[in-house]
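Below you'll find the structure, written out as structure tokens, and then a few comments.
The values are calculated or read from the model by the stated rules, or taken from the named source; none is laboratory data. All values derive from a computational prediction rather than experimental measurement. Here the Cβ is made from the backbone with ideal geometry for all residues, glycine too, and neighbour counts use every protein chain on show.
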Amino acid sequence: MPASVTELQRIGLFASLPGETLAKLAGRMVREEVPAGRRVVTEDEPTASFYVLLSGLAAVTQHGQGARGVLRPGSTFGEVAPAMGVARTASVTTMTTCVVASCDRATFDELIRPLYADDA
């Protein structure tokens, strides 16, 4: 099931996107409910998906460093791997039932990467 425009509008990173671009992004993002205790992203895996946490809480951990933080609704994660072409730099595990939306690298490159370039 795709993410909704309404859900994505609440994400700070996407606030500046024009409606047409937001609609295109929503259509390409896969929305998924993830049970508590499930790993969404695993450190060192060579995947290229980008994620948005729509609801729930998730923990960020790194090998040898332990807990690195907690993600809350509106948080984005997984941007380093597709942006830099590297393996995952941390693991993300759900603490509660979460709803996440994700997209592939092509969608990230086309619609999301420019948002990070604007912040540089």
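On the stretch given as the range 1-22, residues that are of a type in the set (Gly, Ala, Ser), in contact (Cβ under 8 Å) with a residue 60 or more places away in the chain and not in a helix (DSSP H, G or I) total 2. If you go through the range 59-79 and keep only what is closer than 17 Å to residue 12 by Cβ, modelled with pLDDT of 95 or more and either of a type in the set (A, V, I, L, M) or in contact with a Phe, Trp or Tyr (Cβ under 8 Å, 6 or more places away or on another chain) (or both), you end up with 70, 71. Checking the stated criteria, residue 27 turns out to be within 17 Å of residue 109 (Cβ to Cβ), at pLDDT 90 or above and touching a Pro at 6+ places or on another chain (Cβ under 8 Å).
Looking at 74, 69, 64 in this structure, which one is surrounded by fewer than 16 Cβ atoms within 10 Å (Cβ to Cβ), over 12 Å from the mean Cα position of the chain (by Cα) and either assigned to a loop (DSSP other than H, G, I, E, B) or basic (Lys, Arg) (or both)?
Values: 74 fails: over 12 Å from the mean Cα position of the chain (by Cα); 69 fails: either assigned to a loop (DSSP other than H, G, I, E, B) or basic (Lys, Arg) (or both).
One residue alone meets the criteria, 64.
Screening the range 30-60 for residues that are hydroxyl-bearing (Ser, Thr, Tyr) and either within 15 Å of residue 108 (Cβ to Cβ) or not in a strand (DSSP E or B) (or both) and picking the one that is nearest to the chain's Cα centre (by Cα) gives 51.
Test of understanding: among 58, 26, which residue is within 19 Å of residue 7 (Cα to Cα), out of contact with any helix residue (DSSP H, G or I) (no Cβ under 9 Å at 6 or more places or on another chain), among the aliphatic types (A, V, I, L, M) and crowded, with 16+ Cβ neighbours inside 10 Å?
58
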